[in-house]
Amino acid sequence: MAIRESLAPDEDSRALQDTLRGFLADQLSSAALRSSLDTDTGYDAALHARLATELGLAGLTIPEEFGGLGMSQAEAGVVHTELGRALYPGPFLAGCLAAGALLAADDRTAAQYWLPRLADGSVTGTVAAAGEDGRWTPGSDSVEAGRSAQGWYLRGSRWYVIAGHVAGIVVVPAITDAGPALFLVESGSPGFSVSRQLGIDLTRRVCVVTFDTTPAYLLSDGPNAAAILDRAERELLLATAAEAAGGIGWCLDATIAYVKDREQFGRPIGSFQAVAHSCVDMLADLQSVSAAARYAAAASADGAAEAPMAARVAALRAGEAYRGVTESATHLFGGIGFTWEHDAHLYYRRAWSAERLTGGPHAHRAAIADIAGL
């Protein structure tokens, strides 16, 4: 019951939403977004620094004792929704995942050193957990960890690493002789390399990272390491579901504005029944995805038993709906929707790539069946 009561955004959440939406609308126009995509990093470093320092977004879920905002997953979902609506290309999501893993590892030394740096934006973090198929489950291609007289080292590669090209630290799951473990690697370490992974999303760069006997710091091992990885993956599912809700909201608003003004046969095209029905379907998808994302985030924040299932359901629903809405919006915009000059294709690209980033619908359905014991 407590989860359901927390679904509606409270006054503080609405204020945060309005502030962030206004800030991004003012500072990240379509022209500014496109210009930032052509930079080496793929985002505006000055704008990113302002969001990190003025609004504290780099420390969303980092406790206040480490300089963060101390938000729950439910509260952070509001931010991810607005970032998704604006297609913000900076590495806040990657940093949230790394911070969450560091917190869960319960390594006080690592937390005290790295979390304040993540919170103030002076260091960017990410998690390198996915195999070449995009799934986070261990397999034959998992990173292997060994130990020498000098300490731990890693060998192997990981794919779909968000913002790997700008990350100062990377949290990496690996397999040791004793089982699963979680490590931290600094990007400047010997044997560490990053290459850009080709993808259709122009607004979020993902990379392939390779470890060639790269020195690493052990954060956790055994069952706790596996639990931390599960939690980090769930946070990714929650964030991308919230981003999808934001992207769907943009598509709906932009489409309605267009069909109200565009005329055909002397009347607005929005007055045609087929067009109106498509807009209503978009609205239904927005409400469905928003509710699923908020419920899953609230369940995670409350530590509810249904949190893993809710996150998978939200990710599956968000991925399917976001793809469908962007396709409908592109067609309703007509000829301009298929051009480079219109932003619709950027949302279409994000929808398809975000779904693959979290493993894809088959992975979600398999995970749901596993959780349900089917």
Would you compute the Debye intensity of region 109-174 from its alpha-carbon atoms alone, equal scatterers and no solvent, and pass along log10 I(q)/I(0) at q = 0.15, 0.19, 0.24 Å⁻¹ to two decimals? -0.58, -0.84, -1.05
Once you sort the root eigenvalues of the Cα gyration tensor of region 162-242 as a ≥ b ≥ c, which label holds: rounded (a/c under 1.5), prolate (a/b larger than b/c) or oblate (the other case)? oblate
At a threshold of 8 angstrom on Cα-Cα distance, excluding pairs fewer than six apart, so keeping six or more, what relative contact order does the chain reach in percent? 16 percent
In whole angstrom, note down how far apart the Cα centers of region 264-338 and region 211-243 are. 29 Å
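Take every Cα pair under 8 Å in region 301-374 that's 6+ residues apart, average their separations, divide by the length, and report that relative contact order as a whole percent. Let's see the in-between values first.
Numbers: 48 pairs, mean separation 29.4, N = 74.
Dividing the mean separation by the residue count of region 301-374 yields 40 percent.
At R0 = 56 Å, how high is the FRET efficiency between S148 and D10 if r is their beta carbon distance? Nearest 0.05 is fine.
Values: r = 52 Å, r/R0 = 0.93.
After rounding to 0.05, the efficiency reads 0.60.
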So what's Rg/Rh here for region 45-101, counting alpha carbon atoms and using the Kirkwood radius for Rh? 0.93
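Output the Kirkwood hydrodynamic radius of region 70-136, Cα pairs only, in Å rounded to one decimal. Display every interim value, and only then the final one.
Values: mean 1/r = 0.0757 Å⁻¹.
Evaluated over region 70-136, this radius sits at 13.2 Å.
Report, to two decimal places, the Cα Rg of region 311-374 normalised by 2.2 N^0.38 Å (N = number of residues). Don't skip to the answer; put the middle values down first.
Working: Rg = 14.4 Å, N = 64, 2.2 N^0.38 = 10.7 Å.
It is 1.35.
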Convex hull volume per residue for region 113-251, taking Cα atoms only, in Å³: 123 Å³
Determine the gain in length on full extension of the stretch I175-R50; use 0.36 nm per residue of separation and subtract their C-alpha separation, reporting nm with one decimal. 41.1 nm
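Calculate, in nm to one decimal, what A304 and D370 gain on full extension: separation in residues at 0.36 nm each, minus their alpha carbon distance.
On the way: separation 66, 0.36 × 66 = 23.76 nm, distance 1.78 nm.
Length difference between fully extended and current span is 22.0 nm.
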Divide by every residue of the chain the summed helix terms, -39500 (n - 2.57) for each DSSP H run of at least 4, and state the resulting mean residue ellipticity at 222 nm, rounded to the nearest 500 deg cm²/dmol. -18000 deg cm²/dmol
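Using a 10 Å cut-off on Cβ atoms, rank the peptides 64-74, 37-47 from the highest mean neighbour count down. Numbers along the way, then the final one.
On the way: 64-74: 18.4, 37-47: 15.1.
Those peptides, ordered most packed to least, come out 64-74, 37-47.
Set the Förster radius R0 to 41 Å, insert the Cβ-Cβ distance between D133 and R21 as r into 1/(1 + (r/R0)^6), and round the FRET efficiency to 0.05.
So, using R0 = 41 Å, E works out to roughly 0.70.
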Relative contact order (percent) for region 12-71, with alpha-carbon contacts under 8 angstrom and 6 or more residues of separation? 15 percent
Can you give the FRET efficiency for T39 and Q197, using 1/(1 + (r/R0)^6), R0 = 25 Å, r = Cβ-Cβ distance, to the nearest 0.05? 0.90
Going by average Cβ density within 10 Å per residue, which order do the peptides 125-132, 228-235 take, highest to lowest? 125-132, 228-235
Reviewing [x] 1.02; [y] 0.98; [z] 1.17, the figure for Rg/Rh (Cα atoms, Kirkwood Rh) actually calculated from this model sits under [y]
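Quick note: the coordinates plus some simple rules give every number you see, no bench work behind them. Remember, predicted model here, so these are calculated numbers, not experimental data. Cβ sites come from the backbone with ideal geometry, for glycine too, and all protein chains shown count toward neighbours.
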